[in-house]
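Here is the structure we will look at, set down as structure tokens.
The values are calculated or read from the model by the stated rules, or taken from the named source; none is laboratory data. What you see is a predicted model; the values in this text were computed from it and never measured. As a convention, Cβ positions derive from the backbone with ideal geometry for all residues, glycine included, and neighbour counts pool all protein chains shown.
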Amino acid sequence: MLDHYIYNRKMFKEHGWEIPETWDEFIDLCDEIEKAGIQPLYFGFKDVWTCLAPWNALAVDLAPADVCQQVNRGETTFTDEYREIAEKMQTLLSYGEEGPFAYDYNNACTAFANGESAMFTIGSYAVPQIKSVNPDMDIDSFVMPGSNDKDENYLNSGVDLQFCVTSSCENKEAAYEVLDFLLEHDNVQMYLDDQNAVPCVDEKFELASILDGMKTYIEEGKMHDYQDHYYPSEMAVDAQIQTFLLKGDVDAFLEKFDSDWARYNRDIIQKVKDYEAGQGQS
């Protein structure tokens, strides 16, 4: 699964817009799109999970990949590491639809499919939904350039689908036979074509054209995992981000993030302390 920005390739070609490589270039692009009388972004933030897509895409550029582990070791805080991300999330709001919290994921997919924005802050997994509305739409993608140092910008990528056979399975041979079938080259390619996905199987596959803007990052392995994969579900970070964007109070959001993290991760944090104490004694 990839979170990045998808864009209307035909619209970009018609206007001669260039793909941005830095944050300033991205903001300049949004301003240029607005001058052309077109809305730059679509969000669909009524569904709280959609708030995580642009958040994750910025976080891989602006915060350490192991920030959660660093916080657990007491080496930093989210207040220190996430401020720039939060502030840039606020900046993005001015380039989207009016009242983004009134429109859900399906609304956003439909609006983008109908040409109501030049870009959509979502991942390639949205393309089947978009093309169910506009099958002929020409869509490409680019990595969100959260940093002004283009070398510090990464593709946000994570594994969201895997196969497994439990140790208690009574029909292991049959299960493995099914998995062998599913992992045959042609069947994997069929899945990639249908879902615009990236394979974990170490073979040569043809990637969907929607991923043209991602290929260099994929080939070079310039990718970081989703930071929200490390967030406890009890924290409901997606809802926290939505509330923060509605209220606009960066300090209150970051303070709550740190306090909730300490609350819901106290067992892990204590284990880290105990482990490090043990290492120091040995």
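Overview of results
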| item | result |
| --- | --- |
| For Asp28: the one exception among (1) out of contact with any helix residue (DSSP H, G or I) (no Cβ under 6 Å at 6 or more places or on another chain); (2) under 26 Å from Asn134 (Cβ atoms); (3) modelled with pLDDT of 95 or more; (4) not hydrophobic (A, V, I, L, M, F, W, C) | (2) |
| Search result, residues across segment 150-167 that are exposed (fewer than 12 other Cβ atoms within 10 Å of the Cβ), over 14 Å from Ile218 (Cβ atoms) and β-branched (Val, Ile, Thr) | Thr166 |
| Flag for Ser167 being polar (S, T, N, Q), free of Cβ contacts under 8 Å to residues at least 60 places away in the same chain and not in a loop (DSSP other than H, G, I, E, B) | no |
| Test: residue in segment 65-84 that is over 20 Å from Ala252 (Cβ atoms), surrounded by fewer than 23 Cβ atoms within 10 Å (Cβ to Cβ) and in contact with a strand residue (DSSP E or B) (Cβ under 8 Å, 6 or more places away or on another chain) | yes |
| Any hit, segment 34-52, residues being surrounded by 23 or more Cβ atoms within 10 Å (Cβ to Cβ) and of a type in the set (Val, Ile, Thr) | yes |
| Long-range neighbours under 7 Å by Cβ, at least six apart or interchain, first residue aromatic (Phe, Trp, Tyr) within segment 79-100, second not in a helix (DSSP H, G or I) | Tyr82/Ala63; Tyr95/Pro40; Tyr95/Leu41 |
| Top-ranked residue in segment 170-227 [being under 27 Å from the mean Cα position of the chain (by Cα) and of a type in the set (S, T, N, Q); ranked as nearest to Ala57 (Cα to Cα)] | Gln227 |
| Complete set of residues in segment 1-33 that are crowded, with 16+ Cβ neighbours inside 10 Å and acidic (Asp, Glu) | Asp3, Glu21, Glu32 |
| Of the criteria (1) assigned to a helix (DSSP H, G or I); (2) more than 17 Å from the chain's Cα centre (by Cα); (3) at pLDDT 95 or above, which one Gly96 fails | (1) |
